[in-house]
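The structure appears below as structure tokens.
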Amino acid sequence: MKVACCTPDINVPCLGIPGTRFGSQEALFFLQKCTNLKKLKQVHGRIIRFGLTYDQLLIRKLIELSSSFGKLSYATMVFDQLNVPDTFTWNVMIRACSISGSPKMALLLFKAMLSQGFAPDKFTYPFVIDACMASSAFDFGRVAHALAIKMGFWNDLYVQNTMMNLYFKCENVDGGCKVFDKMRVRNVFAWTTVIAGLLACGKLDTAQKLFERMPSKNVVSWTAMIDGYVKHKQPIKAFNLFERMQADDVKPNEYTLVSLVRACTEMGSLRLGKKVHDYAFKNGFELEPFLGTALIDMYSKCDSLDDARAVFDMMQVKTLATWNTMITSLGVHGFRDEAISIFEEMEKKNETPDAITFVGVLSACIYMNDVELAVKYFNLMIYRYSITPILEHYECMVEIYTRAYRLEEIYTLGNTMESNHDVAELLRRKKLTSIDDIKKLILKQYEDLDFSDLVLDHFSSSSGVQIDINQTSK
């Protein structure tokens with residue numbers, strides 16, 4: 001058996017006094033106390049030293065913890081040291097890959113498991129099917145479905161529900177419905193899965209009929225149907241269903257209220273939005289990121305920025321989406337200085353911005369007519385945060401240069417432009433018909449004259465402006 005090169009630090013307090021007994025129970029106790037990879041490696045070193053690598057319970061715990069610390073490579077190394085992992089350990093490793101953002105590796109492990117003669121159990125297939133959905137490997141998912149039937153696990157509710165999810169995600173409505181129709185036992189989770197799947201595929205009427213047939217409903221099924229109405233732009237029906245939900249004495253959760261807030265946003269009803277907010281407050285709902293961000297968006301779009309800012313200031317935990325929503329809301333309503341101030345506060349909190357953040361920031365710079373500030377943030381985005389500019393960023397920069405009558409500087413943007421179609425679309429949208437400036441911009445990006453012709457042709461055909469590049473070069 002392979003042994004990891006890991007020297008334990010026996011002086012670390014969490015590992016006890018040197019010379020004392022260190023068995024499987026002690027190792028498991030210390031593993032459960034690990035809060036980072038360094039401590040885990042120390043405990044792992046002792047597991048190796050005391051010959052406990054045969055204990056697959058400990059190995060599974062090592063895999064789970066190291067993957068939860070974002071160190072899937074370490075988890076893989078631990079797994080690879082086992083000569084004969086049992087099915088449970090295979091399952092843990094497959095699941096770790098799937099939830100750690102490596103679903104393709106999970107599928108490779110499943111193939112290795114089969115090829116080495118290890119028999120999957122009823123827990124293996126849901127993990128594998130989840131990996132298929134995460135990697136869009138729908139054909140492989142159908143193979144896993146066939147194997148589950150062949151191996152006798154078809155009647156397992158967990159396997160069936162996961163298979164329904166797979167079919168609906170690949171928009172195979174018939175496949176998902178067939179799985180549901182063949183189920184001998186249907187719990188509330190199965191009913192909710194098929195309803196949510198139908199709603200995701202745009203089958204609102206079918207989902208509604210199934211919902212009415214449900215023998216029992218819980219908060220998840222009610223919320224799924226409410227959210228379906230909102231997404232299909234039927235907010236009144238969403239509120240009617242919420243009233244029925246309350247009449248049935250089913251208490252809403254945060255997701256229910258977020259769906260209702262979005263319904264208010266869809267209707268542009270500040271009055272209803274405040275009612276939902278008041279309901280949340282009176283019923284003890286905290287302003288968690290999901291609900292708080294939805295309220296900020298609703299208040300902003302209903303022209304009540306003071307309420308949006310009040311919600312933002314009250315939130316104890318803010319996600320990137322929260323910051324972005326507040327920055328964009330302030331910019332849209334003309335509070336550009338405040339939008340920049342929120343961005344600066346965001347940086348102080350060590351929250352890393354994304355491309356959407358800078359769309360909001362650059363938009364604020366436009367209406368402040370501050371070219372230098374826009375250039376500063378455009379460069380900050382590229383060079384500090386390594387964010388590749390998207391079309392919306394270029395649109396903002398072209399707009400601010402145009403407003404400042406500094407068209408000669410637009411061509412400098414060509415240093416970062418990558419797509420000829422994006423450039424042409426940008427020019428078309430902003431109606432920059434000055435031939436000299438267009439030519440500067442295009443030729444700066446594309447030194448090859450033939451390629452430049454292609455871009456200009458695309459621009460002229462999409463904008464209706466005929467450009468003769470030979471004439472412009474005279």
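Over 30 Å between C-alpha atoms is what I'm after, so list which of Lys38/Lys376; Lys251/Lys348; Lys233/Lys318 land there.
In this structure, Lys38/Lys376; Lys251/Lys348 lie more than 30 Å apart at Cα.
Computed from phi, the 3J(HN,Hα) profile of the stretch 160-167 under the Karplus parametrisation 6.51, -1.76, 1.60 (θ = phi - 60°) reads 5, 5, 5, 5, 4, 4, 4, 4 Hz, with x in place of Gly and Pro. Here the extension length gained between Ser68 and Lys348 equals 98.1 nm, from 0.36 nm per residue of separation less the Cα-Cα distance.
Overall size of the stretch 217-317 from C-alpha positions, given as principal axis extents largest first: 37, 26, 18 Å.
Does the stretch 95-233 come out rounded, prolate or oblate, given a ≥ b ≥ c as the square roots of the eigenvalues of its C-alpha gyration tensor, rounded meaning a/c under 1.5 and, failing that, prolate meaning a/b above b/c?
prolate
Label separation (Asn253 vs Asn83): 4.6 nm, computed from points 7 Å beyond Cα along the C-beta direction.
Which log10 I(q)/I(0) values does the stretch 98-158 give at q = 0.12, 0.21, 0.27, 0.29 Å⁻¹ under the Debye formula, counting every alpha carbon as one identical point scatterer? Treating every Cα as an identical point scatterer, log10 I(q)/I(0) equals -0.25, -0.79, -1.24, -1.35.
No lab work stands behind these numbers, since they all come straight from the coordinates. Given the structure is predicted, the values throughout are model-derived calculations rather than measurements. Ideal geometry is used to build each Cβ from the backbone, glycine not excepted, and the neighbour counts take in all protein chains shown.
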